[in-house]
1. Apply the Karplus curve 6.51 cos²θ - 1.76 cosθ + 1.60, θ = phi - 60°, to the phi angles in the stretch 50-66 and return the couplings in whole Hz, x for Gly and Pro.
2. Provide the gained length on full extension for the span residue 130 to residue 69, in nm with one decimal, where the gain is 0.36 nm per separating residue minus the Cα-Cα distance.
3. Counting only helical runs of four or more DSSP H residues, what would the 222 nm mean residue ellipticity of the chain come to if each run contributes -39,500 (n - 2.57) and the total is spread over all its residues?
4. Enumerate the amide H contacts of residue 115 below 5 Å, restricted to partners 5 or more residues apart or on another chain; note that Pro and chain-start residues carry no placed amide H.
5. Let me know the charge dipole size of the chain about its Cα centre in debye, to the nearest 20, where only the beta-carbon of Lys, Arg (+1) and Asp, Glu (-1) is charged.
6. Search the structure for amide H atoms under 5 Å from the amide H of residue 29, placed 1.01 Å from N in the peptide plane, and list their residues when 5 or more places away or on another chain.
7. If you bin every alpha carbon distance in the chain into 5 Å steps from zero, what whole percent lands in each bin?
8. Under 10 Å, Cα contacts only: if you run a Gaussian network model on the chain, which one of 40, 28, 99 comes out with the highest mean-square fluctuation?
Amino acid sequence: DLVRGAELHQQELAVGRLLHVRISRDEYNIDILNIYQHAYQQDSSGNNLSKRHQLWDKLNTTVQGLARRNMLVLIGDFNCTPKHVQGCTGYELSRAELYADAAEFSTVLEANHLVVLNTWSRRRSLDTFVGAKHKSIIDFVIT
């Protein structure tokens, strides 16, 4: 049993946006990060991109601060498709060009040697968002 006999610790790192849960056992620790990135909206003030940038920074700082010996599971609604990074993403994902900060997402992946698990399967079954104007993959499981 994953949590029986384990200590559970949680910390909301960005209210409503970034949650850290640690499962601690004598044998191992698992760090689970759950993210809900701000929806991407082009606006003239740049306010939306600023909020997204702050959350990318918080995510990157958090991952870098975790012990490498712990298992890491990063899941959530990233509201973004990363640019392809060899070894981090399986397929080159279409629609990354729709997000002005897609490269920032990719930088977080590459800097922390993370692998986006649900980009290594069949392409036609990847979309996690279907809207009126487009569909894309914005929800990921990363380790």
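Please treat every number below as a calculation from the coordinates, not as lab data. Keep in mind that what you see is a predicted model, and the values were worked out from it rather than measured. A quick note on method: Cβ atoms are made from the backbone with ideal geometry, for glycine too, and the neighbour counts reach across all protein chains shown.
1. 5, 5, 5, 4, 4, 6, 4, 4, 5, 4, 4, 4, 5, 4, 5, x, 7
2. Additional length available on full extension: 18.2 nm.
3. Helix contribution divided over all residues of the chain: -6500 deg cm²/dmol.
4. Distant-sequence amide H within range of residue 115: 143.
5. Dipole size: approximately 300 debye.
6. 71
7. 2, 9, 19, 22, 19, 14, 9, 4, 2, 0, 0
8. Comparing 40, 28, 99 in the GNM, the peak value goes to 28.
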